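Here the structure comes first, spelled out in structure tokens, and everything after it is commentary.
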Amino acid sequence: MGERKGQNLYYPPDYDPKAGGLNKWQGTHALRERARKIHLGILIIRFEMPYNIWCDGCKNHIGMGVRYNAEKKKVGMYYSTPVYQFRMKCHLCDNHFEIKTDPQNLDYEIVSGARRQENRWDPTQNEQIVPETKEVQRKLFDDAMYKLEHGAKDTKAAEEAKPVLGRLFQRNDSVWRDDFEANSRLRAQFRTRKKELKLQEEKDNALLARSSLAVALLPESDNDRRMAQLMRLHSSKTVHEKDKERRNAILNRPVLPSTCSGKQSIGAKQSNAKLECKSLGIVKRPASSIGKPDSSSEQMEQEKRPKLVEIAPEKRAEATTTSKAGTETRPQLLLCNYGSGSSDSD
């Protein structure tokens, strides 16, 4: 592509080859806008974030691999390796952060504007293969005794790791000998579990529809089942039985209260006969006032004295029958009017 572009350049009629290249003759740079700060030693490049960071301006997370237009400049040397620094603007705020290379540790170092999300660990703790440092390599090259000791340690570590490696090989051979069969078993387990989850989801939706609820149901457990059995309330009669009894009671109830007969009428009359003294208007007089009353007091007593009412023969026979049907020792009661001004009888 670069050669094609070089061949397809347009040279105007007034171009002078003595001036040098076409860019020099036109007074422009080959990188165009990327070299607008080239006189300051700054070049615009496309920089990719080497690790996860936190922006100090907006406190947002910026993931590894996010690309920015960064200003690249040289800030020093590490032996013969140049150290570059990159300055870029956060895409979520107006904050700028700067990152520079670290050739000594083969890493990048944040200068300002951000902080690194620490996801680093010591690879020797999880038994990873770690390349030797430059100091160890120098020692191995210069010191023969150190090289011998280092080789003895490596041989001992290999002997200790042999049983573990053997078990791993056996396990992989037994499990993954037939890749198709192992994959089929996993897919069968997945399909079975998927059907169970679908059935459980249908039951939960039906329960929510009956209860008119819109909540997320958790999976059942043995403890929940035991608690539900203890809290369950059983009715002695079903709803249909209760409705049937209520319907029979309504059908057997008399239409008019006067049509009651038998024990109901007897019980009602006996309850009416049990009257208290205060409800009848009877007042007990003290013993000191017993004597011959005067005319005014006698007249008042005559007015307050109950009047006898004549009872019809039919009612008299009915009262006699009622007293015989109830209790034999109860005397016959005559219905009297204890009111002062009324002469009506029941």
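The values are calculated or read from the model by the stated rules, or taken from the named source; none is laboratory data. Keep in mind that this is a model prediction, so the values were computed, not measured. Note that each Cβ is placed from the backbone with ideal geometry, even for glycine, and that neighbours are counted across all protein chains shown. With ligands, DNA and RNA removed, areas are computed over all heavy atoms of the protein, side chains included. Shrake-Rupley method; radii C 1.70, N 1.55, O 1.52, S 1.80 Å.
Structure summary
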| quantity | calculated |
| --- | --- |
| Approximate shape of the stretch 148-194 as ellipsoid semi-axes (Cα gyration tensor, √5λ), whole Å, largest first | 40, 10, 7 |
| Hydrodynamic radius of the stretch 60-149 per Kirkwood, over alpha carbon pairs, in Å | 16.4 |
| Zone of Asn205's modelled label, taken as backbone nitrogen in the stretch 211-226 under 18 Å from a point 7 Å along Cα→Cβ | 211-219 |
| Chymotrypsin sites (Phe, Trp or Tyr not before Pro) lying in DSSP loop within the stretch 85-149, provided at most 10 other Cβ fall within 10 Å | Trp121 |
| Built amide H within the under 5 Å cut-off of Tyr51, gap 5+ | Gly65 |
| Whole-number percent relative contact order across the stretch 17-119, with pairs defined as alpha carbons under 8 Å at least 6 apart | 21 |
| Label-point separation, Asp56 to Ser112 (7 Å along Cα→Cβ), nm | 0.8 |
| With eigenvalues of the C-alpha gyration tensor scaled by 5 and rooted, the stretch 88-220, Å | 51, 35, 12 |
| Semi-axis lengths, Å, the stretch 110-158, gyration tensor of Cα atoms, sqrt of 5 times eigenvalues | 33, 17, 5 |
| If the convex hull is drawn through the Cα atoms of the stretch 17-119, its volume per residue in Å³ | 126 |
| At most 16 other Cβ within 10 Å, DSSP loop - GluC sites (Glu not before Pro), the stretch 182-226 | Glu220 |
| Förster radius 56 Å - calculated FRET efficiency between Gln26 and Leu197 (Cβ-Cβ, nearest 0.05) | 0.20 |
| Exceeding the 20 Å Cα-Cα cut-off - candidates Lys37/Lys89; Lys72/Lys134; Lys203/Lys242; Lys134/Lys156; Lys37/Lys73; Lys72/Lys100 | Lys72/Lys134; Lys203/Lys242; Lys134/Lys156 |
| Which of Lys73, Lys59 is most accessible, then next, and so on - probe 1.4 Å | Lys59, Lys73 |
| Calculated FRET value between Ala161 and Gln137, using beta carbons and R₀ = 22 Å, to 0.05 | 0.45 |
